[in-house]
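The values are calculated or read from the model by the stated rules, or taken from the named source; none is laboratory data. Quantities reported herein were computed from a predicted structural model and do not represent experimental measurements. Neighbour counts are summed over all protein chains in view; Cβ atoms, including those assigned to glycine, are modelled from backbone coordinates with ideal geometry.
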Amino acid sequence: MTLHQKNDSNTSSSIPIYRLLIILGAFIAFLIALELLSFVFESLGEEYVQGLLQATHNPFVAFFIGLLAAAILQSSSTITSIMVAIIAGNTLMSFTEAIPIIMGANIGTTLTSTLVSLGYIDKPNLFRRGVTVASIHGFFNIFTAFALLPLEYSTQLLSRLSHWTAKIFLKIDFLEKSFSDNLMISQFILEWIDTTNVFHIFLIGAVAFILLFLSLKIISEQSKTWLSISENGFFNFTLFANRQRSFLFGFLLTSLIQSSSITSSIIVPLYANGRVKLTKCFFYIMGLNIGTTLTAFIAAFSVGSPFALTLAIAHILFNLIGVALFLIPFVFKLGMWYGKKIGILVDRNRSFIFLYLITLFFLIPFLLILSSQT
């Protein structure tokens, strides 16, 4: 190894202080944004917000609202954090109305990995493999949602499990004081704003939403750059050595980056170029779906609300149940078949991928949301 190579190796493995400071600053901004959003929804009152959220009374329409919103923003973490802020006061939206939106957001965020596969559209074999693994990510969330949404609608299974689990946390005073109460920054900001003026409240909401989205984006991008992931044998023989390590890597990486959109995108080139086997990619995908639930959990502790904590737990349980379902051999094989089938269809006609994307992520959600308003 040459001196130049050694220097490159040392540079890539070091942790730049400025990146840590940027991530810390973005995390503080994330907490401030949540506190401000929570204040906005409480200040507007039921008359304003219920009008905005009227469509969510239909759980199936709410599901597609979450899907469409996450597909447009390319971030389920943003959607789940907003939902945590909305239900923090337990007056603007019921807990059961928020769950379908979270389910839909889980599907909407899978659009990113499919878009990444389009980078191989001029290379048929790589394109087919890229679409295959991206479709498996989508199928995991689609199958889990379609299995649990009817159960939630008819029996409130997820709601009941979440309430029961939340009681355990509340008994040990996990929410005695929120993180943002310790910061006191959001309260300082509100002192400079006329909180009785509706226009000012909407202005705060717009700024808080932008701050929330950008803070999560910065955390994701800085963490991704910091990791400096490269495509080499290290993945196949270390991080993806077996199914258990693949799952753990997906969980830890997404917990760190706080973006399943980015971590799911990483697997596309790895499988497309034959670096990792499809079965290990599937376990990695299941792991990242658990890792992405950490965002809502942090958000719940930030606003210090038991209702928000219950929603965060529902998000975790949704993905845990999904993993349990896919540990059933038949369901696992079904997911593998689905991904390969979509890959074959795309291989036969590349325009199919555009029909697939537009129909699943935009056309169906938009038509259902529109029909609910008529």
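What to note about this one:
- Of the residues in segment 65-79, at least one is surrounded by fewer than 24 Cβ atoms within 10 Å (Cβ to Cβ), at pLDDT below 75 and assigned to a loop (DSSP other than H, G, I, E, B).
- Qualifying residue in segment 244-262 (condition: under 23 Å from Leu158 (Cβ atoms), β-branched (Val, Ile, Thr), at pLDDT 80 or above and surrounded by fewer than 16 Cβ atoms within 10 Å (Cβ to Cβ)): no
- Search result, residues across segment 332-358 that are of a type in the set (Val, Ile, Thr) and either buried (at least 17 other Cβ atoms within 10 Å of the Cβ) or over 18 Å from Thr110 (Cβ atoms) (or both): Ile342, Ile344, Val346, Ile353
- Number of residues in segment 297-318 that are at pLDDT 90 or above and surrounded by fewer than 22 Cβ atoms within 10 Å (Cβ to Cβ): the value is 2.
- Against the test of being closer than 30 Å to Asn125 by Cα and modelled with pLDDT of 85 or more, the options Leu278, Leu294 yield a single qualifying residue, Leu278.
- Filter result for Gly119 (farther than 22 Å from Ala206 by Cα, surrounded by fewer than 23 Cβ atoms within 10 Å (Cβ to Cβ), of a type outside the set (A, V, I, L, M, F, W, C) and modelled with pLDDT of 70 or more): yes
- Within segment 293-304, residues that are more than 24 Å from Gly322 (Cα to Cα) sit with their Cβ atoms under 8 Å from residues that are not hydrophobic (A, V, I, L, M, F, W, C) and not in a loop (DSSP other than H, G, I, E, B), at 6+ positions apart or across chains, in these pairs: Ser302/Glu35; Ser302/Ser180; Val303/Glu35; Val303/Ser38; Val303/Ser180; Gly304/Ser180; Gly304/Asp181.
- Segment 275-296, subset hydrophobic (A, V, I, L, M, F, W, C) and farther than 20 Å from Thr165 by Cβ, residue surrounded by the fewest Cβ atoms within 10 Å (Cβ to Cβ): Leu278
- When Glu47 is tested against (1) at pLDDT below 65; (2) surrounded by fewer than 19 Cβ atoms within 10 Å (Cβ to Cβ); (3) under 30 Å from Phe354 (Cα atoms), exactly one condition is not met: (3).
- Against the criterion of being modelled with pLDDT of 80 or more, crowded, with 24+ Cβ neighbours inside 10 Å, of a type in the set (Phe, Trp, Tyr) and in a helix (DSSP H, G or I), Phe30 does not qualify.
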